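*Asks:* Next up is a structure, given as structure tokens.
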Amino acid sequence: MDRRAIEIIGIVQGVGFRPFVHELATGLGLSGFVKNRAGGVRIEVEGDPRSLDRFLAELTSRPPSPARIEGVRWARRPPRGEPGFRIEPSAGDAAGPIFLAPDVATCDDCLRELFDPRDRRHRYPFLNCAHCGPRLTIIRETPYDRERTTMAAFAMCLDCRSEYEDPRDRRFHAQPIACPACGPRLRLLGGDGRAIESGDPLSDAASALGRGRIVAVKGLGGYHLCCLAGDEGAVAELRRRKHRDEKPLAVMVRDLRWARALGEFDEEERALLASPCRPIVLLRRRPGAPVAVGVSPGGNPRLGVMLPYTPLHHLLMLEVAGAPLVMTSGNPSDEPIAYDDLDAARRLAGIADLILTHDRPIHLRCDDSVSRVVDGAESPIRRSRGSTPLPIDLPVPCPRPTLALGGQLKATFALGRGRHAFLSHHLGDLDRYEAYRAYAEAIGHYERLLAIRPALIVHDLHPDYASTGYARGRPAELPRLAVQHHHAHMASCMAEHGLDEPVLGVTFDGSGYGLDGATWGGEILVGGYLGFRRAAHLRYVAMPGGDRATLEPWRMAASYLADAGVGSSAIRLRASPAELAVVRTMIERRFRSPPTSSVGRLFDAVAALAGLRPRVSYEGQAAMELEWLATGVAADAAYPFEIQQVQGDGPPGAPLQIDHRPLIAEVAAEAGRGRAPAVIARRFHSTLVEMVAEVCLRLRGESGPAKVVLSGGVFLNALLAREITGRLTREEFRVYRHRKVPPNDGGLSLGQLAIGAARDRSHGPGPDAWPITGPAVEWGGPGRS
């Protein structure tokens, strides 16, 4: 006889791991126990040495599907001769690093019960088991046990208790276990938040949807606003009430058959739709899809589609006879998603006609994840419910606990411990106080759950970001590292691919604070985690009105025309002569017109020049429409451009400058001749591909790296990402794109964390405010070479 004490760390709580251990041990005739600890699972197992060897092998080779084992260690112990194998109460002492499970979509076994009239949970909206259901959104503290979740208020009935304690049952130690006799219940509220008497809240809510009403539905991580996706009037009214003019709305469908009626998808997209994460997936819109034009307006060729991921969703889809439902975040535009019941009733008043809610509290708000497939691989757009807080391995371990704070838009943060990076869910834009408060609360919650007390804080270089302000508000003795925005983008893509060597970082986005105080966004960097060189960038132009120019692309068109020496009267910018005169004066006097090298602003300018969008209602709208136009159009010759070595007062080794003036002049000329916008859009994409290829080839010829990472929000553009990858691959570059975190600012925190870890390992503790690791560069404003 032999006895072994085994410690498992990883995602092993809330995923049916202890029942799996119990079944494995009893099947092999072993005795002992298993119990949760704050850092994982503790097992002591006794029996024949050969059975113990087999137990260890199977324990690590075939754990339950949601589990993820990060580490195993074991030691021999004296045999005790105890009978049987048992699950012991959890211990609160931390045995090692803590890992948390994400929320998991309803499993097939639970779905069979949901629709089985003979089952006691038939049509029960909150059924779950050890393999599915709420996790992150209901956890108050660790270790993960019922009394430390929002299910603590629901005392189990005798039947549920029997299942919970039966090692042979699928609900053995399933912490959110519930049934109609003892679990959460649905309630129906009016749009004013007052309770409505209803014998069947679900049926009444579905009936209201069928009449064109707007219903708020409480989900896993917050409320959704719902209406019939095929009802043009209901969709328009939802947009009016929510103040969401044109941004696409997500649609939920009953199953894959219904999804195929709306969009075209391949095997990779099918697998992503049906994955336990259940993200919103951007599909190619099928002609004649039974959804209102207003769901995804502006000629958008894609639909954001998701499958039900809770029993309540499945039942609701059944009640509306499978009709697709708009399922958008329950909040007025630009505010955090509502998750607290009283707050939801207050904030959704005037938007929802009815509120379908329940009495299981949500502890942590969490939006839906959004993703798409590009060239057969996932390309995340928003990493949130179902994906967080699954850890990502860092190529350079953190020498000490580290907090990385992300940026201002599409905010996430990341906590680093050893080689593990724990990224938060999507927290939105931090421009509003409500969003900032949710961001700060989430940081505190993750720190407590993961038992990580940061000893280093990493933040964006921009002094006015709310995330930078948060860093300044932490204890003064904590060292801080400011990281340049595009350096973090580059490092983010490097980190998720495990790269720890110099690369070419093609980082294209809308804006990021540059080392020279200008607004960067069209950068090709050379370097790694410890530092970078700005090897090339787009020529600076003025951004008249600052951030206002991001919502009025005609301003950027006027600026690029002025820089190229082309009169703005050559084309129609759909701006008044007075507006144009004001903008010209702002540019000439450099009044509220910061210099920018942004590819995002170049997209805006070309879209306006092509006659698409003088004004937009949300960030990136003009660029997206330019991509939609270009997709499907045959490749055409690139517009002219020049690459110059900056001379004059620039420092030695000054970066290459990509001169877009010939491009702008030709686009303006073609637009003036009435060239089709789709042709202009396609040629513009081809031009960006050639720009990147020419610069990368030139840098590699100067002993630059042959590995290229593509990052920044511009690379959400599938056409551009695909064609740059193909072009560089043909030139024998190794090209890496984002597969785990978004290329936009949602991935910044991972890059910051990777840089912080490498800097900490290389230099050790530094002063309270650490300097950025890149060199100073020249400043070049509009009109300068």
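*Asks:* Taking 7 Å along the Cα-to-C-beta vector as the label spot, tell me the residue 194-residue 476 distance in nanometres, rounded to one decimal.
*Replies:* Between residue 194 and residue 476, the label points sit 5.4 nm apart.
*Asks:* For residue 481, list long-range residues whose amide hydrogen, built 1.01 Å from N in the peptide plane, is under 5 Å from its own amide hydrogen.
*Replies:* 457, 458, 459, 770
*Asks:* Could you give the length gained by full extension between residue 267 and residue 187, i.e. 0.36 nm per residue of separation minus their alpha carbon distance, to one decimal place?
*Replies:* Roughly 24.9 nm would be gained on extension.
*Asks:* Kindly write out, for segment 236-245 in residue order, the coupling ³J(HN,Hα) from the Karplus curve 6.51 cos²θ - 1.76 cosθ + 1.60 (θ = phi - 60°), rounded to whole Hz, with x marking Gly and Pro.
*Replies:* 5, 5, 4, 4, 4, 6, 7, 6, 10, 5
*Asks:* Sticking with this structure for a sec: Show me 406-414, 714-722 ranked by packing, highest mean number of other Cβ atoms within 10 Å first.
*Replies:* Ranking the peptides 406-414, 714-722 by packing returns 406-414, 714-722.
*Asks:* Please report the antiparallel percentage of DSSP beta bridges with both residues in segment 503-746, rounded to the nearest 5.
*Replies:* Here the share of antiparallel DSSP bridges comes out near 65 percent.
*Asks:* Additional query: Measuring from label point to label point, each 7 Å out along Cα→Cβ, what is the residue 68 to residue 500 span in nm?
*Replies:* Result: 2.0 nm between the two label points.
*Asks:* Give me the Kirkwood hydrodynamic radius of segment 503-746 in Å, from all C-alpha pairs, to one decimal place?
*Replies:* 18.0 Å
*Asks:* Further, regarding this structure: Determine the equivalent ellipsoid of segment 389-514 by diagonalising the alpha-carbon gyration tensor, then write out the semi-axes as square roots of 5 times the eigenvalues, largest first, rounded to whole Å.
*Replies:* 21, 19, 14
*Asks:* For the chain, just run the numbers: alpha carbon Rg, then divide by 2.2 N^0.38 Å, N being how many residues it has.
*Replies:* After normalising by residue count via 2.2 N^0.38 Å, the value is 1.00.
*Asks:* Here's something else I'd like to know. For segment 303-400, what Kirkwood radius comes out of the mean inverse Cα-Cα distance, in Å?
*Replies:* One decimal place: 16.6 Å for the Kirkwood radius.
*Asks:* Across segment 430-436, in residue order, what do the Karplus-derived ³J(HN,Hα) couplings come to in whole Hz, using 6.51 cos²θ - 1.76 cosθ + 1.60 with θ = phi - 60° and x for Gly and Pro?
*Replies:* 3J(HN,Hα) across segment 430-436, in whole Hz: 8, 6, 9, 4, 4, 5, 5.
*Asks:* A follow-up question, please. Any idea what angle helix 201-210 forms with the longest principal axis of the chain, computed on alpha-carbon atoms, 0 to 90 degrees, nearest 10?
*Replies:* Between the helix axis and the principal axis of the chain, the angle is about 30 degrees.
*Asks:* Out of residues 5 or more away from residue 329 or on other chains, whose amide H comes under 5 Å of its own, with H placed 1.01 Å from N in the peptide plane?
*Replies:* Amide H to amide H, under 5 Å and 5 or more residues apart or across chains, residue 329 pairs with 225.
*Asks:* Explain nothing, just the number: relative contact order of segment 1-76, from Cα pairs under 8 Å at least 6 residues apart, as a whole percent.
*Replies:* Computed value for segment 1-76: 50 percent relative contact order.
*Asks:* Can you put 485, 131, 122 in order of Cβ neighbours within 10 angstrom, beginning with the fewest?
*Replies:* 122, 131, 485
*Asks:* Here's a follow-up. Give me the lysines in straight-line cross-link reach of residue 242: C-alpha distance below 22 Å, same-chain residues under 8 apart excluded.
*Replies:* Of all the lysines, those that pass the test against residue 242 - Cα under 22 Å, at least 8 places apart if same chain - are 218, 410.
*Asks:* Here is a follow-up. Amide H to amide H, which residues 5 or more places from residue 255 or on other chains are under 5 Å from it, using H placed in the peptide plane?
*Replies:* none
*Asks:* Just to confirm the number: angle between the C-alpha axis of helix 17-27 and the first principal axis of the chain, 0 to 90 degrees, nearest 10?
*Replies:* Helix 17-27 sits roughly 40 degrees off the main axis of the chain.
*Asks:* If you take every DSSP beta bridge fully contained in segment 380-495, what fraction is antiparallel? Give it as a percent rounded to 5.
*Replies:* If we restrict to bridges inside segment 380-495, about 60 percent are antiparallel.
*Asks:* Any idea how far apart residue 286 and residue 762 come out in nm if each label point goes 7 Å out from Cα toward Cβ?
*Replies:* For the pair residue 286/residue 762, the computed spacing is 5.2 nm.
*Asks:* Another question, then. So for the chain, averaging the separation of alpha carbon pairs under 8 Å that are six or more residues apart and normalising by length, what relative contact order in percent results?
*Replies:* 12 percent
*Asks:* Follow-up question, since we're still on this one. Contour minus end-to-end for residue 318 and residue 109, with contour as 0.36 nm per residue of separation and end-to-end as the Cα-Cα distance?
*Replies:* 73.5 nm
*Asks:* Now for a separate question. Kindly work out what percent of the DSSP beta bridges joining two residues of the chain are antiparallel, to the nearest 5.
*Replies:* Percentage antiparallel, nearest 5: 70.
*Asks:* Still on this structure: With a cut-off of 8 Å between alpha carbons and a minimum separation of six or more residues, what is the relative contact order of segment 285-389 in percent?
*Replies:* 14 percent
*Asks:* Give the calculated FRET efficiency between residue 698 and residue 634 to the nearest 0.05, with a Förster radius of 41 Å applied to their Cβ-Cβ distance.
*Replies:* Plugging the Cβ-Cβ distance into 1/(1 + (r/R0)^6) gives 0.90.
*Asks:* Could you run the Karplus curve 6.51 cos²θ - 1.76 cosθ + 1.60 with θ = phi - 60° over segment 126-138 and give me ³J(HN,Hα) per residue in whole Hz, x for Gly and Pro?
*Replies:* In residue order, the calculated couplings are 10, 5, 6, 8, 5, 10, 7, x, x, 9, 4, 6, 10 Hz.
All of the numbers you see were taken from the coordinates with simple rules; none came from a lab. Just so we're clear, the structure is a prediction, and the values are computed from it rather than from any experiment. FYI the Cβ positions are ideal-geometry reconstructions off the backbone, even for glycines, and counts take in every protein chain you see.
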